[in-house]
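One structure is given below, encoded as structure tokens.
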Amino acid sequence: MTSAEGGAERRTYTPDFLTELFRNPLDPGYADAAARKARGEGPTGARQRVLTGVTALTLVALGFLLVIAYQQTVADEPEATKARDTLIQQVQNRRSDTDKLQARADQLGNEVAQLRQSELGGAAVARLRDLEAETGLAPVRGSGAKITLGDGPTPINPVTGNRSTEARVRDSDLQLAANALWAAGAEAISVNGQRLTATSTIRQAGEAILVDFQPVTSPYTIMAIGPDKLAEAFRDGYAGKFFKELVSRYGMSFDATSAKDMTLDAATELKLRVAVVNTPPPASGSPSAGSGSAEPGGSPSNSPSKGGR
Amino acid sequence: MIAVLALVAGVVLGIVFHPSVPPALQPYLPIAVVAALDAVFGGVRAKLDGIFDDRQFVVSFIANVVVAALIVYLGDQLGVGGQLSTGVVVVLGVRIFGNVAAIRRHLFRA
């Protein structure tokens, strides 16, 4: 692009490329053409008109190019958001489906409970209800302790740009709190509204903590129904000391208070893994009763295969 | 005047026909636009300098676009497409800046 004769009269040395670029951004060809024209060698008449036409065509192409580029840029944007919108829509649809199914499950559960009450009646229902309350299958109500745990400050390291996660509540902290509450005599525990059962899991998945595969977020409220001194016992026990240490070292928030008249919901799902018929069907009973009692045993019998997970 | 009319005609054509760019050519579009802008600002500056030349403008426009696309293509094949695109944009950007500065001096005497 740098033709020798173009800038020869102005330059006595050849600068490097970038300097040349900054100093003289115009194509030297224009100067050459002007010089040719001054010498009278430029195109004239018909040739000049053709060249003007070509220039006009070039400009048409340029306008075309600009519009295409603009449309392309504009079109790219909705493409990305469209995909995202579809995904959001799907998530919301599935979520409302889940809610509907959950409502139906609750309704059917209530029906089953009512039918059972009318069929069995008396002491058997009371015993069942107690068992359900203990295992987390039925909502319970009572007084006990309310433990609140919150993340501490998570400053961003100015050098590395990484967020410090030291002061976050971990799954092990929640596990420790739950175990300490059980040990202190709690009868029912829920974490952020998720009722714990004998088979509940509290796990970390990335930054989220999952209680029975439902994500829970800070601040964590652990409600436990149990003896009146539950909160004091928790606070003075090893868990209370541990959390106080966390508070003083990492700035987490921790609070354990007594609470009255709390209602803990039933666990959302309790998978039946193993079921054994503990009383053999009475031989003297009618055959229909025998097949009737075999049926409830029949459906759990295929669940041990799933119970392996 | 003809130039402005031609530009407008191109824009109208683009809007009317609304062509879709094949995906294979899409990476070259931004580079082609920058290269074309470089040629245009060079032409405008030459016009103001009084040394505009049709042939020079057409050749520089086509050559700019083709060379820019070629460099990006080559970079893509070699696996340094992003860096080469950046290089092309920097070089053409500097030229555009210089030419716009010259145009500004012509128009505002400052």
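Structure data summary
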{"quantity": "Net charge dipole size for the stretch B:24-89 [Lys, Arg +1 and Asp, Glu -1 on Cβ; Debye, nearest 20]", "calculated": "40"}
{"quantity": "Cα point-scatterer Debye curve for the stretch A:141-264, base-10 log of I(q)/I(0) at q = 0.10, 0.21, 0.23 Å⁻¹", "calculated": "-0.30, -1.18, -1.37"}
{"quantity": "Other-chain or far-sequence residues with amide H under 5 Å of A:Ala266's (modelled H)", "calculated": "none"}
{"quantity": "Residue exposure sequence - B:Met1, A:Met252 - by fewest surrounding Cβ within 10 Å", "calculated": "B:Met1, A:Met252"}
{"quantity": "Computed magnitude of the charge dipole of the stretch A:141-264 (debye, nearest 20; Cβ of K, R +1, Cβ of D, E -1)", "calculated": "40"}
{"quantity": "Cβ-derived FRET efficiency at R0 25 Å, A:Thr19 paired with A:Leu57, nearest 0.05", "calculated": "0.10"}
{"quantity": "Dipole magnitude of the protein assembly as shown about its Cα centre (Cβ charges: Lys, Arg +1; Asp, Glu -1), debye to nearest 20", "calculated": "1020"}
{"quantity": "Estimated [θ] at 222 nm from DSSP helical runs (n ≥ 4, -39500 (n - 2.57)) normalised by residues in the protein assembly as shown, nearest 500", "calculated": "-20000 deg cm²/dmol"}
{"quantity": "Cα-based helix-to-principal-axis angle, B:54-78 vs chain B, degrees rounded to 10", "calculated": "20"}
{"quantity": "For B:17-26, mean number of other protein chain Cβ atoms within 10 Å", "calculated": "3"}
{"quantity": "Most positive-pole-ward Cα, B:Leu48, A:Ala69, A:Ala80, against dipole of the protein assembly as shown from beta carbon charges", "calculated": "B:Leu48"}
{"quantity": "Acute angle (nearest 10 degrees) that the helix B:81-108 long axis makes with the longest principal axis of chain B, alpha-carbon atoms", "calculated": "10"}
{"quantity": "Per-peptide average of other Cβ atoms within 10 Å, ordering B:30-43, A:114-127 highest first", "calculated": "B:30-43, A:114-127"}
{"quantity": "Pairs of Lys in the protein assembly as shown closer than 25 Å at Cα, counting only those 8 or more apart or on different chains", "calculated": "12"}
{"quantity": "Dipole of the stretch B:23-108, positive end: most advanced residue of B:Ala36, B:Leu74, B:Gly98 [Cβ charges, Cα centre]", "calculated": "B:Gly98"}
{"quantity": "Degrees, to the nearest 10: B:2-17 long Cα axis against longest axis of chain B", "calculated": "30"}
{"quantity": "Dipole of the stretch A:206-278, positive end: most advanced residue of A:Pro215, A:Ile225, A:Phe243 [Cβ charges, Cα centre]", "calculated": "A:Phe243"}
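No value in this document is a laboratory result; all are computed from the given coordinates. As the structure is a prediction and not an experimental result, all values here were calculated from the model. In this analysis, Cβ positions are derived from the backbone assuming ideal geometry, glycine residues included, and neighbour counts consider all displayed protein chains.
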